Amino acid sequence: MKAAIKAILLLIACIALGIGIGFAIFNNKGVLLQWFMFKPTLYETQNDALVKRFESSSMIQLEWSQLLPQEEKSILKKYQQNQAGTPKEFADNLLLSLQASTDEDYSSAMISTNSVDTFDNKPVSIAGFIVPIDYAEDKSLSNIFIVPYFGACLHFPPPPPNQIIFAQLGAGFTDFELTQAYRLRGVLRRGLFEDPLGTSAYILDVVSIEPYYENPDDFRQH
């Protein structure tokens with residue numbers, strides 16, 4: 001009898017462990033993919049001078065929130081909405097949206113071109129989604145925006161300019177999907193670029209591009 005009870009308890013423990021591992025894998029699948037997936041380099045610059053600038057000092061792993069001036073970060077964070085799962089949460093989000101629509105500071109922050117100089121002319125790595133602006137004759141991407149979340153500038157209103165990065169690529173980047181996130185490495189600098197799709201407050205001189213399998217946006221809640 002004791003042996004049977006031990007066997008049942010062991011079986012229950014194994015099932016519980018399996019469920020726990022399953023949940024852990026599901027909740028961290030992006031991280032696991034990023035660790036274990038083969039990440040081919042899809043684009044490399046042919047600009048030797050740019051590569052030399054990029055390799056001249058240590059690369060900074062950049063997060064999107066770091067591109068926001070502190071005051072504007074606080075204003076935008078004030079109106080962050082949580083994922084709504086109940087009628088009350090939907091109502092709270094609606095009220096928050098109404099409050100944001102009448103807040104002049106929030107409206108100003110949403111179109112702000114203010115930037116931070118901490119990373120000016122520094123080698124950085126940042127993950128995001130790519131929005132095509134135009135293509136070269138060989139059908140490869142030429143001018144692009146880099147944005148923190150999928151759909152920005154296309155299906156949704158654009159993020160603030162200090163949450164958009166402009167980049168101009170050389171020939172060769174043709175293996176591209178709108179729904180795929182990418183990690184881009186290069187030299188970041190402050191500078192405005194305006195297009196009907198949006199306005200950016202930063203420019204990235206891109207050295208390389210590879211796929212990225214986690215959520216690039218560390219600031220907004222989705």
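The values are calculated or read from the model by the stated rules, or taken from the named source; none is laboratory data. Worth saying up front: this structure is predicted, and the values here are computed from it rather than measured. Because the Cβ atoms are built from the backbone with ideal geometry, glycine has one as well, and the counts that use them run over all protein chains shown.
A few notes on this one:
- Condition met for residue 164 (touching a Ser or Thr at 6+ places or on another chain (Cβ under 7 Å) and within 16 Å of residue 66 (Cβ to Cβ)): yes
- For region 52-105, filtering for residues that are at pLDDT 95 or above, more than 22 Å from residue 218 (Cα to Cα) and either surrounded by 14 or more Cβ atoms within 10 Å (Cβ to Cβ) or not assigned by TED's automatic domain parsing to the domain that holds residue 202 (or both) leaves 2.
- When 107, 200 are checked against the criterion of being of a type in the set (Ser, Thr, Tyr) and in contact (Cβ under 8 Å) with a residue 24 or more places away in the chain, a single residue qualifies: 200.
- Where strands (runs of 3 or more DSSP E) fall entirely within region 139-222, those with at least 3 residues that are among the hydroxyl-bearing types (Ser, Thr, Tyr) and closer than 28 Å to residue 74 by Cα are at 198-212.
- Residue check for residue 198: farther than 17 Å from residue 41 by Cα, touching a strand residue (DSSP E or B) at 6+ places or on another chain (Cβ under 8 Å) and crowded, with 16+ Cβ neighbours inside 10 Å: yes
- Within region 132-166, the set of residues being of a type in the set (Ser, Thr, Tyr) and out of contact with any Pro (no Cβ under 9 Å at 6 or more places or on another chain) comprises 135, 140.
- Exactly one residue out of 38, 23 is more than 18 Å from the chain's Cα centre (by Cα), over 13 Å from residue 207 (Cβ atoms), exposed (fewer than 10 other Cβ atoms within 10 Å of the Cβ) and modelled with pLDDT under 95: that is 38.
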